[in-house]
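Report on one structure; see the data block that follows.
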Amino acid sequence: MTDDCKAGIALIVGSLGGILTMAIHPKGALSLTTAEQGAHMSLVSGVAHTLALLSVLLLFLGACGITQRLRAADRISFAAIVVYGFACVAVMIAGAVSGFIVPGIMRHMVRDVPAARHDWQVVIVGIFQINQAFSKIFSVGTSIAIILWCVSALRGGGIVRGVAIYGCVVAPLIILGIGIGHLRLDVHGMTVVMLGHVLWYILVGCQLCLRPQGRCEA
């Protein structure tokens with residue numbers, strides 16, 4: 001199996017893992033009222049975000065394969081993997097916060113006296129804002145990396161031109177949506193971002209598997 005095929009498989013599996021993560025991601029955590037609900041949310045959130053972190057790891061391995069495929073003297077693809085690595089650090093922090101820190105706080109909240117519930121909710125809302133910041137870094141950083149990979153492909157080949165054009169369209173739209181505040185990166189907003197990115201990953205992954213090695217100008 002060639003390196004291109006391995007990278008393509010990593011992209012596809014990581015993308016499917018990201019989709020599954022958004023499908024099972026818990027919603028409405030602030031409405032929890034019992035310890036049983038807190039324990040259930042903690043379990044589901046832990047599973048979802050563990051899957052998310054594993055998916056990001058696979059996507060990063062696949063991204064290394066994209067960079068290798070698009071390597072050129074202008075180093076645009078190299079800049080892309082650096083930006084993507086920066087974005088992956090941000091989503092690792094966001095995933096750890098959402099998957100392991102917030103559920104722990106929720107367990108303490110439901111066991112505390114009712115009078116302290118408001119204070120706990122203030123803490124959770126504050127942490128959510130921190131999580132939003134890291135999610136924005138990830139979403140924008142990933143979009144910039146996709147733009148750079150696509151520009152490299154349009155300049156020197158390596159990815160089908162139609163796929164590169166798609167990336168050059170959808171990635172700026174995601175950045176614009178976040179920048180003007182239209183995309184709020186809660187579960188629903190992140191699902192929109194993920195679908196935009198994941199479709200590009202899968203298209204590139206399929207090409208790497210079906211047309212490994214060499215550069216494609218079509």
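The values are calculated or read from the model by the stated rules, or taken from the named source; none is laboratory data. All values derive from a computational prediction rather than experimental measurement. Cβ sites come from the backbone with ideal geometry, for glycine too, and all protein chains shown count toward neighbours. Areas reflect the complete protein model, heavy atoms only, side chains present, ligands, DNA and RNA absent. Shrake-Rupley method; radii C 1.70, N 1.55, O 1.52, S 1.80 Å.
Observations on the structure shown:
- Taking the listed residues ARG69, ARG75, the one that is under 20 Å from ALA145 (Cα atoms), surrounded by fewer than 22 Cβ atoms within 10 Å (Cβ to Cβ) and among the basic types (Lys, Arg) is ARG75, with no other qualifying.
- The residue that is farthest from THR142 (Cα to Cα), among those in region 179-189 that are out of contact with any His (no Cβ under 8 Å at 6 or more places or on another chain), open to solvent by 20 Å² or more (accessible area, probe 1.4 Å) and assigned to a helix (DSSP H, G or I), is HIS188.
- Selection count where residues are farther than 16 Å from LEU183 by Cβ, in a helix (DSSP H, G or I) and small (Gly, Ala, Ser), scope region 111-162: 8
- Pairs linking a residue in region 193-213 that is assigned to a helix (DSSP H, G or I) to a residue that is charged (D, E, K, R), with Cβ atoms under 8 Å and 6 or more positions apart or on different chains, are LEU208/ASP4; LEU208/ARG69; CYS209/ASP4.
- Scan of region 125-161 for residues that are surrounded by fewer than 24 Cβ atoms within 10 Å (Cβ to Cβ) and among the aromatic types (Phe, Trp, Tyr), ordered by number: PHE128, PHE134
- Hey, ALA94 small (Gly, Ala, Ser), assigned to a loop (DSSP other than H, G, I, E, B) and within 30 Å of CYS206 (Cα to Cα) or not: no
- Positions within region 190-218 being out of contact with any helix residue (DSSP H, G or I) (no Cβ under 6 Å at 6 or more places or on another chain), open to solvent by 30 Å² or more (accessible area, probe 1.4 Å) and modelled with pLDDT under 85, in sequence order: ARG211, GLY214, ARG215, GLU217, ALA218
- Only listed residue being open to solvent by less than 60 Å² (accessible area, probe 1.4 Å), part of a helix (DSSP H, G or I) and modelled with pLDDT of 80 or more, chosen from VAL89, VAL47, VAL56: VAL56
- Scoring ARG107 on the criteria (1) among the basic types (Lys, Arg); (2) farther than 30 Å from ALA72 by Cβ; (3) exposed (fewer than 15 other Cβ atoms within 10 Å of the Cβ) leaves a single failure, condition (3).
- Restricting ILE165, ILE147, ILE124 to those that are over 18 Å from TYR84 (Cα atoms) and at pLDDT 90 or above reduces the list to ILE165.
- Look at (1) free of Cβ contacts under 8 Å to residues at least 24 places away in the same chain; (2) small (Gly, Ala, Ser); (3) on the phi > 0 side of the Ramachandran plot and you find that ALA133 fails only one, number (3).
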